[in-house]
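Engineer: Structure in C-alpha cells, see below.
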Amino acid sequence: MTSNANLPDLSNLWMPFTANRQFKEHPRLLTKAKGMYYTAADGHPVLDGTAGLWCVNAGHGRQEIIDAIARQTAELDYAPSFQLGHTDSFRAASAVARLMPEGMDRIFFTNSGSESVDTSLKIALAYHRARGEGQRTRLIGRERGYHGVGFGGISVGGISPNRKTFSGALLPNVDHLPHTHDLSKNKHTRGQPAWGEHFADQLESIIALHDASTIAAVIVEPLAGSTGVLIPPKGYLEKLRAITEKHGILLIFDEVITGFGRLGANTASEFFGVKPDLITMAKGISNAAVPAGAVAVRREIHDTIVGAAASGIEFFHGYTYSAHPLATAAILATLGIYEKDQLFKRAAGLSQKFEDAAHNLENARHVIDVRNLGLVAGIELQPREGAPGARAAEVFAKCFDAGVMVRYTGDIIAVSPPLIIEEQQIAEIFETIDKVLKTVA
Ligand SMILES: Cc1ncc(COP(=O)(O)O)c(C=O)c1O
C-alpha cells in the first residue's frame, strides 16, 4: 500500500474497472518499471507476475522501444491515416502479417483490444454483405467471454456485470455458446483438458435454431484469460472450426491476450493448429509501450470487401490513430525484440517449469483448482461464504505488499508474466501466493 506522503489529489480521476472508493482509501501506485519489476510509490519492488495487464511480453523499459518512440516523435509525430499514410504503417503491417497464420496477411490497425474486436465484427458483416449475403447479421459469442468494452464486444461477451447495466442497448441478434469450464471433470488439469470437446456441439444447436443463413460469425478467445483462465478442451477449437466452415460462418479468434508468445507460439491459432478467418490483437503487439491493436484478416475476405465496393472508400471504418506513428514505431521495435531474443521459444521452453510451479499449489489453503497453458496459470479459490471475490481480492493486495503482482477475477488468481521471466522468479511468484494464502481467512 502506498504511504500518503506526496500523494496527488485522487478525486478527479474516475478509475476504470476499479473499486474507486476502496482504492482511494488505500491507494496502490506504481512509479517505475524495468525488466521484470515495478517500483511502488513507497519504493518497494514488485515482481511483475502479470506482464502488466497481459501485455508487457518483452519486459519493461526495453531500450530499443524507448529509442524507436523517441526517434519517431521527433521525426513524424502524427500522420493522418485516412487517404494518407506513412511508410512505417506499411512496414508494421508486413511485420505483423509475417507472424500470422499463412494467408491471414491483411492487417487493419486499431488502438486497443476493444477496437480490434468491434472492427473484426464489422469486417465479418461487411464480408457477407459484399458476397450478397447481407442477411447474415447474427453474431455468436460465448458465456464468460471477454471481448473488451465496446458495444460490440460486450454484446458478444459473456461476463454478466459488464453487460447488465447496458442490457437494453446491446447489439441485437447475438447468441452465446456455453463456456467450457467444469471442475467436476477437469480439476487440476495440466494443459488442455481431455474432457469437454462436446461443448462445441452446442454451435450446431444454435445454428439449427437461427439457421446458418442468418449467422455472420462466431467469436471466441482460444484461451479465455480475463474471465479467469479457461483452457480449451482438446478437440474443442477444431470442432468449432469444422462447424463454422461447414456453414459458411466466419470464425474470429480474439487473441488480444494469446497473441505474441503467451502460449509459446506466434499466436494461439498456431499453437493449437486451428486457423480462424480473423484474428484480433493488441497488448503484446507493442509491448504496451504505446496503445495499439490490429485485426489480421484472411486475404480472400479483404479482397472480397475491397473488390465488391464501387470506386472510392471500400470500408467505412477507421480511427484517427489507426497506425499512429508512435504505435507503429513501438510495434516494429517490439516485434524486432521478440525475433532477436527468440522470446516465444523462450516461453515455450519455460512452460513446463511454470506448470510444475503452478501445480505445487494444488493442495494450498483455499485452492480448489490449478490450471495452466504456456505462460498462463489460473488458481481458483473457494469463495468466502456470502462474499464472492473477497478472498482473491485480499490475496492480490497481500501479494502486492509482499512484492509480487498477480491479477484476480472473481475468486480466480491469474499469473501471466513477461516472457523474459527467470526460473527463480517463477518459483518466487507461486511461493509468495502460497505464503499469502496461509495468512488469508
Ligand atoms: C480477449 C480480450 N479481448 C479484448 C480485450 C480488450 O482490450 P482493451 O482493454 O485493450 O480494449 C481484452 C483485454 O483484456 C481481452 O483480454
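Read-outs throughout are calculated quantities, based only on the coordinates presented, and are distinct from any laboratory measurement. None of these values were measured; they are calculated from a predicted model. FYI the Cβ positions are ideal-geometry reconstructions off the backbone, even for glycines, and counts take in every protein chain you see.
Engineer: By how many nm would the segment from residue 9 to residue 173 lengthen if fully extended, with 0.36 nm per residue of separation less the alpha-carbon distance?
Structural biologist: Full extension of this stretch gives 54.6 nm more.
Engineer: Each residue of segment 295-306 in order: what ³J(HN,Hα) in whole Hz does its phi give by Karplus 6.51 cos²θ - 1.76 cosθ + 1.60, θ = phi - 60°, with x for Gly and Pro?
Structural biologist: Going residue by residue, I get 10, 9, 10, 4, 4, 5, 5, 4, 5, 5, 5, 5 Hz, with x marking Gly and Pro.
Engineer: Along the Cα→Cβ direction, 7 angstrom out, place labels at residue 205 and residue 423. What is the inter-label distance in nm?
Structural biologist: Roughly 4.7 nm, to one decimal.
Engineer: Choose one of 56, 219, 321: the residue whose Cα lies farthest towards the positive end of the charge dipole of the chain (beta-carbon charges +1 Lys, Arg; -1 Asp, Glu; about the Cα centre).
Structural biologist: Of the listed residues, the answer is 219.
Engineer: Using only the alpha carbons of segment 301-375, determine the length spanned along each of the three principal axes and report them from longest to shortest in whole angstroms.
Structural biologist: 64, 32, 23
Engineer: Provide, as a two-decimal number, the C-alpha radius of gyration of segment 1-143 over 2.2 N^0.38 Å, N being how many residues it has.
Structural biologist: This ratio for segment 1-143 stands at 1.45.
Engineer: Antiparallel as a % of all DSSP beta bridges within the chain, to the nearest 5?
Structural biologist: Taking every DSSP beta bridge within the chain, about 65 percent pair in antiparallel fashion.
Engineer: Could you bin all the Cα-Cα distances of segment 205-358 into 5 Å bins starting at 0 and give me the percent of pairs in each, rounded to whole numbers?
Structural biologist: With a bin width of 5 Å, the distribution comes to 2, 8, 14, 17, 18, 16, 12, 7, 4, 1, 0, 0.
Engineer: Further, regarding this structure: Name the residues whose placed amide hydrogens come within less than 5 Å of the amide hydrogen of residue 369, ignoring near sequence neighbours (fewer than 5 apart) on the same chain.
Structural biologist: Under 5 Å from the amide H of residue 369: 380.
Engineer: Further question: Pull up all non-local amide H partners of residue 35: gap of 5 or more, or a different chain, and H-to-H distance under 5 Å with H placed in the peptide plane.
Structural biologist: Here 60, 61 satisfy the definition.
Engineer: While we're on this one: For segment 68-75, just list the computed ³J(HN,Hα) in residue order, Karplus coefficients 6.51, -1.76 and 1.60, θ = phi - 60°, integers in Hz, with x standing in for Gly and Pro.
Structural biologist: 5, 5, 5, 4, 5, 5, 6, 8
Engineer: What shape does segment 179-278 take by its C-alpha gyration tensor, where a ≥ b ≥ c are the square roots of the eigenvalues and a/c under 1.5 counts as rounded, a/b above b/c as prolate, and the rest as oblate?
Structural biologist: Cα axes put segment 179-278 in the oblate bin.
Engineer: What ranking do 54, 195 get, fewest neighbouring Cβ atoms within 10 angstrom at the top?
Structural biologist: The fewest-first ordering by Cβ neighbours comes to 195, 54.
Engineer: On a full-extension model of 0.36 nm per residue, what is the gain between residue 42 and residue 390, subtracting their alpha-carbon distance, rounded to one decimal in nm?
Structural biologist: Values: separation 348, 0.36 × 348 = 125.28 nm, distance 2.48 nm.
Net length gain for the segment: 122.8 nm.
Engineer: Would you compute, for the Cα atoms of segment 74-227, the largest minus smallest coordinate along each principal axis and list the three values in descending order, in whole Å?
Structural biologist: Principal axes ranked by extent give 58, 41, 36 Å for the Cα atoms.
Engineer: Among 336-344, 215-223, how do they line up from the highest to the lowest mean number of other beta-carbon atoms within 10 Å?
Structural biologist: Ranked by mean Cβ neighbours within 10 Å, highest first: 215-223, 336-344.
Engineer: Which of the peptides 155-161, 422-428 is most tightly packed, and how do the rest follow, judged by the mean count of other Cβ atoms within 10 Å per residue?
Structural biologist: Final packing ranking: 155-161, 422-428.
Engineer: Working out 0.36 nm times the residue gap between residue 164 and residue 182, then minus their Cα-Cα distance, what length gain in nm do you get to one decimal?
Structural biologist: Length gained, residue 164 through residue 182: 4.1 nm.
Engineer: Set the Förster distance to 35 Å, then compute FRET efficiency between residue 435 and residue 340 from the Cβ-Cβ distance, nearest 0.05.
Structural biologist: 0.45
Engineer: What ranking of 238, 270 emerges when the number of other C-beta atoms within 10 Å of each C-beta is taken as an exposure proxy, fewest first?
Structural biologist: 238, 270
Engineer: 7 Å from Cα along Cα→Cβ at both residue 238 and residue 83: what's the point-to-point distance in nm?
Structural biologist: Placing both labels 7 Å beyond Cα along the Cβ direction yields 5.1 nm.
Engineer: With viscosity set to 1.567 mPa s and temperature to 4 °C, compute the Stokes-Einstein D of the chain, Rh being the Kirkwood radius across alpha carbon pairs; µm²/s, no decimals.
Structural biologist: The estimated diffusion coefficient comes to 58 µm²/s.
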